[in-house]
1. Just to be sure, is D673 closer than 23 Å to Y700 by Cα and assigned to a helix (DSSP H, G or I)?
2. Take L632 and tell me if it is farther than 23 Å from I467 by Cα, under 37 Å from the mean Cα position of the chain (by Cα) and among the hydrophobic types (A, V, I, L, M, F, W, C).
3. Checking the structure you have, find out if any residue of region 232-243 is within 30 Å of P303 (Cβ to Cβ), in contact (Cβ under 8 Å) with a residue 40 or more places away in the chain and within 29 Å of the chain's Cα centre (by Cα).
4. Collect the residues in region 532-585 that are touching a residue at least 12 places away in the same chain (Cβ under 8 Å), farther than 21 Å from Q505 by Cα and acidic (D, E), keeping them in residue-number order.
5. Name the single residue, out of those in region 71-96 being surrounded by fewer than 20 Cβ atoms within 10 Å (Cβ to Cβ) and part of a helix (DSSP H, G or I), that is modelled with the lowest pLDDT.
6. Taking the condition of being of a type in the set (S, T, Y) and within 11 Å of A242 (Cα to Cα), how many residues in region 253-278 meet it?
Amino acid sequence: MRTSNRIVGFLAVACMVLPASATARGIHYGAVTDPAILNCDRLQWRGETEQSRFCYAELLRSTTPAAAKAEAAWALSNLKQANDWFRVAMAESPDDYATKVRWGDLFAASHQHGEAMNIYREVLDEDPANAFAMLGAAQVLVDSFEDAANAYLEPLMMGTALGDGALLGAWLLMARVSLENGNYDEAAAALLEADELIAQTGWPPLEVYALRASMDLLNNSDSNHWTELSLQYNPHFGGIYATPAHFYMITRRYRAAIDMYQKAVDIEPGLAAAHEELGINLLRDNQMTRARQHLETAYGLDPFSPRAVNTLRLMDSYGDFRLVEDAPDTDGGVPIVLRLHENESAAIAPYATKLTRDSIDVFAKRYGFDLREPVVIEMYPDHEDFAVRTAGMPGLGILGATFGYVIAMDSPSGRPSQQFQWGTTLWHEMAHVFTLEATNHLVPRWYSEGISVFEEWRTGPNPGVRIPMSVYSAMKDDRFLPIAGLDEGFLRPTYDNQVIVSYMQAGLVCDFIDRHLGADKLRELLVAYREGLTTEEAITSVLQLEPAEFDELFADFIETEHGAVLNKLEEWHHKQTEINDELAEDNWSSAIELANALVDIIPQYIEPDSPYLALSRAHNELGNREDALNALMTFWKNGGYDPSSLKRLSHWLTEADRDEEAIDVMMSVNLVDPLDRDLHGELGDMLLAAGRAAEALQEYEIALALKPHDMATAWFRMAQAQHKLGNIERTQEHLLQALDIAPNFRPAQRLLLQLASGEAN
């Protein structure tokens, strides 16, 4: 058992970081048993706000025990004072596990989940059957979309001597998790259990009403019955709207979530969490002014919420960003608005605009849907800013996120260039715009992600099916999920890399449907989802297959397409280790033999450890330039995008007088690293030599905007391109800029003299 000094010391440090106010104290279902507190709680649960506040205040002035004073201070939103009283209570009764658990709940309510989990674990170490400690730990992990919550939930559900209150809390949590996973039958069963316990114990039914209203809305049914019951019980319970809004948000129905959160704060203005979520979802809908208003309100109510603070700081940083607008050039087109950091906008905007326009043309034809609103694309050079922008989204480690007509993603500088092809990410996110909007945001996550991955492979700027080795391993271990449960791999992964495995499985499912069941079926599935069908219903209706039948056919497809690779995975890993050893020892001939063997196993493998890179390096070391070039060419054609390798390939192609191919390779590097200053000047020279002066001018303009070290040469290149285009006045202006920087720059002097004499005309 921990000593009282250990407890007091820990709490003395912890209390220094607790906010003075935060979100309201929730229903505790018997975790608190003091009669005086319960009398006040009943007033609060019924919405008698003023009376309850007076009741709690009276307790703070009375001789009530310290634990009760802590609860009263918490109910009055003074969390620092609540923490002080919990510290006193624990010093007086260090073996009072019920109070210690409530102290953990206080930390959880104040966003300090790590501290809360430490307390729950301490209690469970000393009292392994403590139901409310297990419930608190499960709640924290559920909030973080962590599958580890099951380790605490399952013992609760199977407990034989569990108190009714903890069991009720467990059923409610189980209902929430089931709804998040789309398991509506399980959610309904859990809510029936909760109903029975409420009937027996008389605990407030408010959270049951909110979850039942959520389930009705997710099933496209009328939720008014539960809303009316809730408002009759407590007319100020914002959760009746905020809880359904949560489910709308995680199913990417952001505008519906906005409407619900607004109703929540209308009836409960002090509900900080609802203001925060409302602000974040308004930001996702590009409603900047309204978003800031609610985020500032949330911050005023709960100044220590990381999400509110970080999102407001992110909005403050928008002063460093530039808006680039591109009007449609055809009737019926939509504007494109880019929000780019001012230091990167000139380099990214031309490519991002063209890529976005191309994707709109492709997806509108393929999926029979025309966009109706401007597309807003934000790119963040700081990955942490992007992480803030997508706060609260399940599935971390993402490169981009789509909220409807608003896309947020890392900029090319937000990730190492050899790990991130931003052009493919933008293409992926644009596919989401179509699948979300074409279905009124009713498309399940797996299908939207599947279409996006599939379109990366088929029509993106870097086409080709690319499967990471971790996904091959998951295939071999039979870790793909049934089609009906594929969303769970995104929402609550149960093993490392399951999110990326789920992405790839979803893409392969769409590939299978397209190739074996008909390309039109992909569009028909979107229609089915727009009509409100579940995945099971959509598979049966559109594909004329039961989900189990579909799973069998898909398994056969995987075996046919990838079985040969799966049978040689061990050989692959063994040879991969060997080839690294041979390269380290400069054994080039052995490295070539091993690389060719690896290529035979997986010809399309172009990850950073691709055998094509080893093959090219070894051939080049042996003087076999043509073989080295061919290896890199295959790497590029299969979708390889390592910038240094592609620039090397482009130089080799130029040396081989294959200038057009060299240009194509170099231009593809712009979809990986457009912020490379030298790249644009070099590519511009290649384009100018090929007679493509307008394209060369664009590259030179970007090079100049990136402020290269040799500004004189940058201005001279601009002059050359303008001269080729016949713009004599602009040519002279640029030459004078170059000579102003370097008066003795001979090429600029020579061209200016030619212009003056008329020779250059």
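The values are calculated or read from the model by the stated rules, or taken from the named source; none is laboratory data. This structure is a prediction, so every number in the text was calculated from the model and none was measured. With ideal geometry, Cβ positions are generated from the backbone for all residues, glycine too; neighbour counts draw on all protein chains shown.
1. No, not satisfied.
2. It is false that L632 is farther than 23 Å from I467 by Cα, under 37 Å from the mean Cα position of the chain (by Cα) and among the hydrophobic types (A, V, I, L, M, F, W, C).
3. The answer is no; no qualifying residue exists.
4. Matches in region 532-585: E571, E578, E582.
5. The residue in question is K80.
6. 1
Yes/no per residue for (1) modelled with pLDDT under 95; (2) exposed (fewer than 13 other Cβ atoms within 10 Å of the Cβ); (3) within 30 Å of A484 (Cβ to Cβ):
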position	(1), (2), (3)
H573	yes, yes, no
W588	no, no, no
E593	no, no, no
Y605	yes, no, no
P608	yes, yes, no
R617	no, no, no
L622	no, no, no
E626	no, yes, no
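Residue-wise test of (1) modelled with pLDDT of 95 or more; (2) acidic (D, E); (3) in contact with a Gly (Cβ under 6 Å, 6 or more places away or on another chain); (4) within 27 Å of D382 (Cα to Cα).
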position: S417; (1), (2), (3), (4): no, no, no, yes
position: W427; (1), (2), (3), (4): yes, no, yes, yes
position: W446; (1), (2), (3), (4): yes, no, no, no
position: E449; (1), (2), (3), (4): yes, yes, no, yes
position: N462; (1), (2), (3), (4): no, no, yes, yes
position: L481; (1), (2), (3), (4): yes, no, yes, no
position: G489; (1), (2), (3), (4): no, no, no, no
